[in-house]
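Down below is the structure, laid out as structure tokens.
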Amino acid sequence: MSYENELKALRKKHLENIPFLTLKKDAVLKTADLIFQLEDALDVPVLLEDLLEDVKQDVGTDVLRVENILKAMCFMIGLDPDFIYRNRYENILRTLKPKTDAYLIYLINQYSEQPDYALIFSLALVEFERSARNLFILANSLENVSIALTKDDQKEKAVFYFEESIKMYHKSAKADQQFSLPLYKLGFYYKQVGQFIRAKDYWERFIASDQDNLRIQEVREELEMLEMLVDYEVGSSFVLNGDIDRGLDKLLPLVPYYPTWWNLLFVIGLAFRQNGDFQIASDYFKNVLRLKPDQIDSINELALCYISMSKYQEAKDVLDAAVALTSDSEVLANRAVANFYLEQYKSALWDINQSLKLNPDDQIAQTIKKEIEIAIAE
């Protein structure tokens, strides 16, 4: 599935519930102060619920009916941009609703409690004008559909709409660099997914271009809290690229502020292990496992620390518990190493064979197996 497939299904569902009425040549459509006369007969849509309400109230062809027709024309353009009568509908809408964008935004707000309707009107809005503001409104409607689907426990579908909303926020930001609202949204998004440097960049650009003092103050407060998270991202990058000392300089000052943030403790443990400080590293990995007992990467790293300190039984005990939790090729390979040093060669061979079944191309595991087979042969 994909967003495109979900949108296609949504459009199809609503298209099946759009009745059409035929207006004859010279029929007049009028709002409170504007008139449009048809030069030819035209099939016009009405939302089914509006048609039923009109029939129930016996409204006739007065202003209310015309308003319902105009609304449904917008709906149709959102549902099917290639509809045969699109140009004629647009002509009518621009005549009877000269501020067409404002009218569509009114409809989007009117249907805020029905996110799929609001989305369809937002799609129509972008068809009329692909501006930064309209792309932002579309992005917001997509996000609202995602929220509604999440509440309805349709999380897989929700992800498609949410990812599309982020794309639209980006397009909105690119369409007009002085339009600040997508920058506000993207800052929160990148903070949520742990890309703190990008979040900081978007929020700093937001402050430089926004005029709302309350929003600016909110983002300034977020930026103050974000500084340490940026240090975490920078420090983690240093560690992963082998610049251990610079990484620890960024990461260690964060521990008093985030003593239960297991990701932080894990990266610090990784840094100390790479530096050969196995005892200190093992303490950090133990702390991670107190917070998150099933964190497999930390189990593997702790076992590697024990093996490096020649504490083979401790390594095996840790990995025994991990095998009970998961069939992970790296866990099995590390337990094979622990069993090898404990001279439990048959157990080591079984472990490494199981590891290679899960990951046949693991060259390290293949090397371990050769060492075990040599030991058994002797």
Residue selected from the stretch 161-196 under the condition more than 12 Å from the chain's Cα centre (by Cα) and among the polar types (S, T, N, Q), by the criterion nearest to R133 (Cα to Cα):
S172
Can you tell me which residue in the stretch 140-158 is farthest from the chain's Cα centre (by Cα), limited to those that are at negative phi and of a type in the set (D, E)?
D152
Being charged (D, E, K, R) and more than 30 Å from L42 (Cα to Cα) narrows it down to one residue among K185, K97; which is it?
K185
Total residues in the stretch 290-312, condition farther than 13 Å from L325 by Cα, under 30 Å from the mean Cα position of the chain (by Cα) and surrounded by 19 or more Cβ atoms within 10 Å (Cβ to Cβ)
2
If we keep just the residues of the stretch 71-88 that are part of a helix (DSSP H, G or I) and touching a residue at least 40 places away in the same chain (Cβ under 8 Å), which is farthest from L119 (Cα to Cα)?
R88
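Residues checked against (1) surrounded by fewer than 18 Cβ atoms within 10 Å (Cβ to Cβ); (2) at pLDDT 95 or above:
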site: G194; (1), (2): yes, no
site: E224; (1), (2): yes, no
site: D243; (1), (2): yes, yes
site: L251; (1), (2): no, yes
Before we move on, is I216 in a helix (DSSP H, G or I), touching an Asp or Glu at 6+ places or on another chain (Cβ under 6 Å) and surrounded by fewer than 20 Cβ atoms within 10 Å (Cβ to Cβ)?
yes
Condition test on S122, is it among the small types (G, A, S), more than 19 Å from N5 (Cα to Cα) and over 16 Å from the mean Cα position of the chain (by Cα)?
no
From the list D116, D152, D176, pick out the single residue that is over 22 Å from L7 (Cα atoms), surrounded by fewer than 21 Cβ atoms within 10 Å (Cβ to Cβ) and acidic (D, E).
D176
Would you confirm whether or not the stretch 315-337 contains a residue that is hydrophobic (A, V, I, L, M, F, W, C) and not in a helix (DSSP H, G or I)?
no
The condition from (1) in contact with a Ser or Thr (Cβ under 6 Å, 6 or more places away or on another chain); (2) closer than 19 Å to S308 by Cβ that S329 misses is numbered (2)
Return only the number of the condition from (1) surrounded by 14 or more Cβ atoms within 10 Å (Cβ to Cβ); (2) at pLDDT 95 or above; (3) within 20 Å of F179 (Cα to Cα) that D210 does not satisfy.
(2)
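So that you can scan it fast, the table gives a plain yes or no per residue for (1) part of a helix (DSSP H, G or I); (2) crowded, with 20+ Cβ neighbours inside 10 Å; (3) among the β-branched types (V, I, T); (4) within 28 Å of the chain's Cα centre (by Cα):
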{"site": "N263", "(1), (2), (3), (4)": "yes, no, no, yes"}
{"site": "V267", "(1), (2), (3), (4)": "yes, yes, yes, yes"}
{"site": "R273", "(1), (2), (3), (4)": "yes, yes, no, no"}
{"site": "Q279", "(1), (2), (3), (4)": "yes, no, no, no"}
{"site": "S282", "(1), (2), (3), (4)": "yes, yes, no, no"}
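The values are calculated or read from the model by the stated rules, or taken from the named source; none is laboratory data. What you see is a predicted model, and the numbers here were worked out from it, not measured in a lab. Virtual Cβ from ideal backbone geometry, glycine too; neighbours counted across all protein chains shown.
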